[in-house]
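> Here it is: the structure, laid out below.
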Amino acid sequence: MTESAIPASSEPEPQKAESKMAEPATPEMRVGQSFDIHRYSDDAERTLMLGGVRFDGHRGLAGHSDADVITHACIDALLSAAGLDDIGQMFSDTDPAWAGADSIQLLRRAVDALRAAGWDPVNVSCVAVLDSPKLAPQRELMRQRLSDAVGAPVTVSGRTTESVGALGRGEGVAAMAAALVVRNPHSTASSDDAALAGQQDQRHT
Ligand SMILES: [Zn+2]
């Protein structure tokens, strides 16, 4: 038996030219991510709000607004995706207007700002880190409230802490979110990007 002969030419075939078929226009999309954390409040009067849902009988979180950490994470992921000011700049924690604010209303305002800047939400995915209360019984309601405010699907999942660190000691609740937004081709937003898009996209009267 002889060893296999090495092919005369081991050069790879040259790549075939790309198809000349017209590619569909790719919508301009951007992703944003966020992290938020709130410690539990010493104020027994505060209600725990997560994803726009009241969790009666559980200690509330501390914050200038209703401290809804899940909704805040959704807001910041959307604002980040659109390159807008973050939640702290948009809703300052020294502004009395936002004292005790319903974060779902803040989310609606943030989405309004995002749309005004020429972006539409595609979806938001949020993960909350906490051991208690369990989110599962209220998860569908949270999804409905958040999706209704965003005008696009929002999913929420819960992750336990494995008793690690401050969250494992029950000192607070953290949440992370990712959001996808798409450029609205009909937007009249005046940002640089939108102005560019407007130059390329002749508008109908
Ligand atoms: Zn927050």
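> Pairs only if they're at least six apart or on different chains, beta carbon under 8 angstrom, first in region 63-87 and farther than 19 Å from residue 100 by Cα, second near the ligand (Cβ under 8 Å from one of its atoms); list them, first residue then second.
Final answer for the pair search is 79/87.
> To continue, here is another question. Somewhere in region 27-38, is a residue assigned to a loop (DSSP other than H, G, I, E, B), in contact (Cβ under 8 Å) with a residue 40 or more places away in the chain, within 13 Å of the ligand (Cβ to nearest atom) and surrounded by 14 or more Cβ atoms within 10 Å (Cβ to Cβ)?
No, region 27-38 has no match at all.
> A further question on this structure: Among the listed residues 165, 158, 151, identify the single one that is touching a residue at least 12 places away in the same chain (Cβ under 8 Å) and at positive phi.
Within the list 165, 158, 151, the selection yields 151.
> Same structure again: Do the conditions hold for residue 48, that is, is it closer than 21 Å to residue 183 by Cα, of a type outside the set (D, E, K, R) and within 16 Å of the ligand (Cβ to nearest atom)?
no
> Could I ask something else about it? Which residues, counting only those in region 41-60, are among the small types (Gly, Ala, Ser) and under 20 Å from residue 141 (Cβ atoms)?
51, 52, 57, 60
> Next up: What number of residues within region 66-94 are of a type in the set (Ser, Thr, Tyr) and at pLDDT below 95?
Just the residues of region 66-94 that are of a type in the set (Ser, Thr, Tyr), to begin with: 71, 80, 92, 94.
Those left that are additionally at pLDDT below 95: 92, 94.
The total comes to 2.
> Still on this structure, I have one more. Suppose we filter region 62-110 for residues that are surrounded by 23 or more Cβ atoms within 10 Å (Cβ to Cβ) and aliphatic (A, V, I, L, M); how many remain?
So the count comes out to 13.
> If you check 166, 116, 175, which single one turns out to be at pLDDT 95 or above and either closer than 28 Å to residue 41 by Cα or over 18 Å from the mean Cα position of the chain (by Cα) (or both)?
Result: 175 is the single residue among 166, 116, 175 that is at pLDDT 95 or above and either closer than 28 Å to residue 41 by Cα or over 18 Å from the mean Cα position of the chain (by Cα) (or both).
The values are calculated or read from the model by the stated rules, or taken from the named source; none is laboratory data. Since the structure is predicted, the reported quantities are computational estimates derived from the model, not experimental observations. Glycine also receives a Cβ, built like all others from the backbone with ideal geometry; neighbour counts cover every protein chain displayed.
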